[in-house]
Amino acid sequence: MFTLTDLSKIKHSFSSLHLNIAKNICFWKSMTEKIETETKKARYEYLEDLPGIGPATAQKLKELGFHTVESLAMATVHELEPAGISEKKALAIINAARSSIGIAFIRADELHKMRQNVLRLTTGSKALDGLLGGGLETQTITEFYGEYGSGKSQICHQLCVNVQLPPERGGLNGAALYIDTENTFRTERIVQMAKHLNLDPEKIVKNIIYAEAYTSDHQMFLLENADEVIKENNVKLIIIDSLTAHFRSEYIGREMLASRQQKINKHMHKLIRLARAFNAVAVVTNQVMAKPDMFFGDAISPIGGHIVGHTSHTRVYVRKTAHGPIRIARLVSSPYLPEGEEIFKITENGIEDVSEDEKTKSSGR
Ligand SMILES: Nc1ncnc2c1ncn2[C@@H]1O[C@H](COP(=O)(O)OP(=O)(O)OP(=O)(O)O)[C@@H](O)[C@H]1O
Ligand SMILES: [Mg+2]
């Protein structure tokens, strides 16, 4: 039985609970209003439009590789310091850029809506697309790794063509940016692939913006200055083929490992920020190294170790087979898809599915 004091205590706690609920509702109401006004805030088109950026500061920022409001929205205070901007001012600029492109606190339902903005790009093979949950995603990095001749660059070539297709054909109606570190990009191959898809090869080639990177520093510089090119050309696919080759040949020995990893990390973060800001697909290729001391597990591992692994959202291991053009793709890691394997083939037409007939023949051999 409750005593009178008990009842009064219960009543009191109910009324304070009631008050708390009311307070919470008020808090969420004001947060919602804040979010709504944030998103209604001014949209700035050019750097000079942002409050606190005059022509001289804009020039310095451009020299640092920040040509667009989108790239500033993804910048860190530390990155703006070399432009002679104080920490406080840098923060204000970044915040203004963020509110302009609508990055702020968001509710999970809005996050859900943002996820719906994620688009998918076809590889040309239904099996490979299926392995990746319907194609390569925008706003994330997909890494293809494997030994020489496994088909990494061929996939990149095919994606450059496919990205130009309309969405109903698995494309993104956009252009491609190709950073080539090994001089293996071939327009002839693009022409072959474009013809196979009944596309005008001349138009397709025009929509691929190409840059050869001569050193790892040059490679980083190209990406750091890519934002304007991406925006102006409606680039929806950014490729770095290969991500690690220069780093691997320039940073030799244990004592250089830490600085190499730090640079790769910075490079990958720049890439992910560009992919997010422009809703683009980001693709990197990576070589493998043998681990002779491994007794268990996979004796082959991609270069770059944890750094590359943690920043690549989706990792695909590509292997050659004994059956000529047929390749095996293994989804090694993905934020939400199960591991799995699929086969595809590389022909003159590009990346294609293996027919049932070929499957039976190759398994019978
Ligand atoms: N025109 C073509 N027709 C058919 N197959 C082709 C054609 N061009 C290239 N290939 C196939 O693609 C392979 C080369 O693949 P790719 O250049 O993509 O390898 P990679 O994984 O990028 O290697 P690396 O690590 O050396 O850069 C060739 O060995 C061949 O099997
Ligand atoms: Mg290659």
**OP:** For segment 116-140, enumerate the residues that are over 18 Å from the mean Cα position of the chain (by Cα) and of a type in the set (Gly, Ala, Ser).
**Re:** Gly124, Ser125, Ala127, Gly130
**OP:** Given the conditions (1) more than 16 Å from ligand 2 (Cβ to nearest atom); (2) over 23 Å from Val191 (Cβ atoms); (3) not polar (S, T, N, Q), report the number of the one that Leu121 does not fulfil.
**Re:** (2)
Original post:
When you look at Ile326, is it surrounded by 16 or more Cβ atoms within 10 Å (Cβ to Cβ), within 16 Å of ligand 2 (Cβ to nearest atom) and of a type outside the set (Gly, Ala, Ser), yes or no?
Top reply: no
Subject >> Which listed residue, of Glu182, Glu255, is free of Cβ contacts under 8 Å to residues at least 24 places away in the same chain, farther than 25 Å from Gly135 by Cα and not β-branched (Val, Ile, Thr) >> reply: Glu255
Original post:
What helices (runs of 4 or more DSSP H) completely inside segment 101-209 contain at least 2 residues that are away from ligand 1 (no atom under 16 Å from the Cβ) and at pLDDT 95 or above?
Top reply: 126-131, 201-206
**OP:** Residue by residue through segment 315-334, note down the ones that are at pLDDT 95 or above and not in a strand (DSSP E or B).
**Re:** Pro325
Original post:
Does at least one position in segment 336-354 carry a residue that is closer than 12 Å to Ala127 by Cα, at pLDDT below 95 and away from ligand 1 (no atom under 14 Å from the Cβ)?
Top reply: no
Original post:
Looking at (1) touching a residue at least 24 places away in the same chain (Cβ under 8 Å); (2) within 30 Å of Ala245 (Cα to Cα); (3) of a type outside the set (S, T, N, Q), which is the only condition His78 fails?
Top reply: (1)
Original post:
List pairs: first in segment 216-228 and within 20 Å of Met256 (Cβ to Cβ) and touching a residue at least 12 places away in the same chain (Cβ under 8 Å), second among the polar types (S, T, N, Q) and buried (at least 17 other Cβ atoms within 10 Å of the Cβ), Cβ under 7 Å, 6+ apart or cross-chain?
Top reply: Gln219/Thr181
**OP:** Determine whether Val163 is closer than 21 Å to Leu274 by Cβ and more than 16 Å from ligand 2 (Cβ to nearest atom).
**Re:** yes
**OP:** Consider Lys113 carefully, then state whether it is charged (D, E, K, R), in contact with a Gly (Cβ under 9 Å, 6 or more places away or on another chain) and surrounded by fewer than 22 Cβ atoms within 10 Å (Cβ to Cβ).
**Re:** no
**OP:** State yes or no: is Ile239 in the same structural domain as Gln158 (by TED's automatic domain parsing), under 23 Å from Ala75 (Cα atoms), within 16 Å of ligand 1 (Cβ to nearest atom) and surrounded by 20 or more Cβ atoms within 10 Å (Cβ to Cβ)?
**Re:** yes
**OP:** Tally the residues that are surrounded by 20 or more Cβ atoms within 10 Å (Cβ to Cβ) and away from ligand 2 (no atom under 11 Å from the Cβ), restricting the search to segment 180-194.
**Re:** 3
**OP:** Give the residue that is nearest to Lys206 (Cα to Cα), with candidates limited to residues of segment 232-274 that are within 16 Å of ligand 2 (Cβ to nearest atom) and not in a helix (DSSP H, G or I).
**Re:** Ile239
Original post:
Pick from segment 335-353 the residues that are under 26 Å from Met193 (Cβ atoms) and assigned to a loop (DSSP other than H, G, I, E, B): which of them is nearest to the chain's Cα centre (by Cα)?
Top reply: Asp353
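The values are calculated or read from the model by the stated rules, or taken from the named source; none is laboratory data. A quick note: this is a predicted structure, and the numbers were derived from the prediction, not measured. Cβ: placed from backbone, ideal geometry, glycine included. Neighbour counts: every protein chain shown.
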